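The values are calculated or read from the model by the stated rules, or taken from the named source; none is laboratory data. Nothing here was measured: the structure is a model prediction, and the numbers come from that model. Cβ atoms come from the backbone with ideal geometry, glycine included; neighbour counts cover every protein chain shown. Keep in mind that these areas ignore ligands, DNA and RNA; they rest on the heavy atoms of the full protein, side chains included. Shrake-Rupley method; radii C 1.70, N 1.55, O 1.52, S 1.80 Å.
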Amino acid sequence: MIVRVSDINENGVHIETFENSEWLVNVPELSKGDRNTKLTSGFDIDLQVNKVLREVAVSGNVQFSIEAPCSRCLQTVKLDLKPEVNLVLTPKESTGEEDDDLNHETYVGDEVDISGYIREQIAMSLPFKVVCTEDCKGLCSSCGINLNNENCECESQRIDPRLAVLKNLKI
Ligand SMILES: [Zn+2]
Ligand SMILES: [Zn+2]
C-alpha cells in the first residue's frame with residue numbers, strides 16, 4: 001500500500017481499499033496449522049492521509065473478522081475487529097536519531113509503503129484469549145462435557161486424593 005507524498009494536496013487523500021486475506025503475511029498468530037485463530041474475512045481499509053509540510057499523517061481503521069475457540073469451552077467464537085490506524089511519518093533526513101515510537105515512523109523519498117505498519121496493527125489487535133461469554137462454565141475436567149449445556153456427576157463422585165490413599169492402605 002503505497003502513499004505518494006507529492007500526490008497529497010491540502011485536502012489530503014482518502015484511501016478506501018480491500019485486501020484479501022492473503023495480503024496478511026508473517027503474522028504467526030494466524031499462520032497455517034495454528035488451530036487457534038482463523039481469519040474469516042479480508043481487510044476493509046479506510047484511511048485518511050494528510051500532509052503538513054513534509055510530515056504525513058495516516059489515520060483511520062481496518063475492519064476484519066476472525067474465528068477463535070473459546071479458551072474455556074472450545075466453542076468457536078466469531079469476532080469482528082476494527083483496529084485503529086494512527087501513524088505519523090516524517091522524512092528520514094529531518095530526524096537525527098532512531099525513534100522508538102511505533103506510531104512515528106520515517107520515510108525516504110516520495111513513496112511510502114504503509115503495509116507493514118498496518119499489518120502490525122492488525123497483528124496487535126488479535127485477542128490473546130477469547131471467551132464465548134464472560135460467565136462461560138467451560139468443560140468438565142474429568143469427562144469433558146460442555147458445562148454450559150449439560151451437567152455431569154463428576155464433581156460429586158470425585159474422591160479426595162487424601163482419602164484415596166487411605167482406601168488403599170492394608171490394615
Ligand atoms: Zn465458552
Ligand atoms: Zn464431568
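Within the range 22-45, the set of residues being open to solvent by 60 Å² or more (accessible area, probe 1.4 Å) and either polar (S, T, N, Q) or modelled with pLDDT of 95 or more (or both) comprises N26, N36, T40, D44. In summary, F128 fulfils each of the numbered conditions (1) at pLDDT below 90; (2) within 16 Å of ligand 1 (Cβ to nearest atom); (3) surrounded by 10 or more Cβ atoms within 10 Å (Cβ to Cβ) with the single exception of condition (3).
Does the range 73-81 contain at least one residue that is at pLDDT 90 or above and touching a His at 6+ places or on another chain (Cβ under 9 Å)? Within the range 73-81, not a single residue is at pLDDT 90 or above and touching a His at 6+ places or on another chain (Cβ under 9 Å).
When the range 58-69 is limited to residues that are modelled with pLDDT under 95 and open to solvent by 30 Å² or more (accessible area, probe 1.4 Å), the one that is nearest to E84 (Cα to Cα) turns out to be E67.
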